[in-house]
Ligand code: ATP
Ligand code: MG
């Protein structure tokens with residue numbers, strides 16, 4: 001095919017594509033608080049949630065973050081985002097279940113964290129609430145799933161919530177507006193690379 005011919009066909013294809021995309025954008029008129037669930041075994045769930053925290057802060061929104069499972073105390077996200085005006089940052093976990101090895105203590109910690117989250121989900125002043133690693137508390141049965149789903153379903157109508165963690169339960173993804181399942185194709189850890197500041201924490 002000659003170059004001019006190829007360029008004309010490209011322009012026609014892009015014009016058709018633009019018409020479809022513009023029509024879809026025009027049809028999407030709804031506006032409300034969204035429940036976003038980021039799950040799956042691949043890397044990028046929490047960092048995506050913290051990307052939305054940065055976006056929301058850029059819009060002058062008030063943000064609440066609850067980190068339910070704390071694996072380390074020196075994360076870049078807490079050091080940077082946690083001290084921005086407009087953010088309320090809580091770290092409630094004691095570590096991974098295989099580190100604490102204490103179910104009673106894990107349940108008590110989970111419930112303390114959930115009390116903070118529930119308060120945020122009841123207050124319209126929080127325009128974005130991030131519940132980082134919440135899914136584990138549901139899959140281990142540390143929190144009552146019905147109460148959690150009920151609080152999410154009845155939060156203020158314009159409040160956005162992002163939930164992260166592997167193995168999100170079906171009832172949660174069903175309630176969500178946006179669900180991304182991040183696949184684990186490769187991770188440097190499995191090649192013997194230790195967690196890198198700026199990338200992993
Ligand atoms: P991140 O915080 O980097 O976005 P994540 O929230 O998707 O990761 P988590 O399961 O919360 O994933 O794990 C947090 C830590 O474990 C990060 O240091 C991350 O790089 C690492 N990690 C995530 N996925 C994997 C994986 N598939 N294999 C090994 N390590 C992983
Ligand atoms: Mg995470």
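Brief remarks follow.
- As a rough footprinting exposure proxy, the listed residues 78, 88, 31 were ranked by other beta carbons within 10 Å of their own, and the order from fewest upward is 31, 88, 78.
- Counting all C-alpha pairs of the chain, share separated by more than 27 Å (%): 39 percent
- With Cα atoms as the point set, the range 96-201 shows a radius of gyration and Dmax of 15.6, 45 Å.
Every number here is computed from the coordinates shown, using simple stated rules; none is lab data. All values reported here derive from a predicted model rather than from experimental measurement. As a convention, Cβ positions derive from the backbone with ideal geometry for all residues, glycine included, and neighbour counts pool all protein chains shown.
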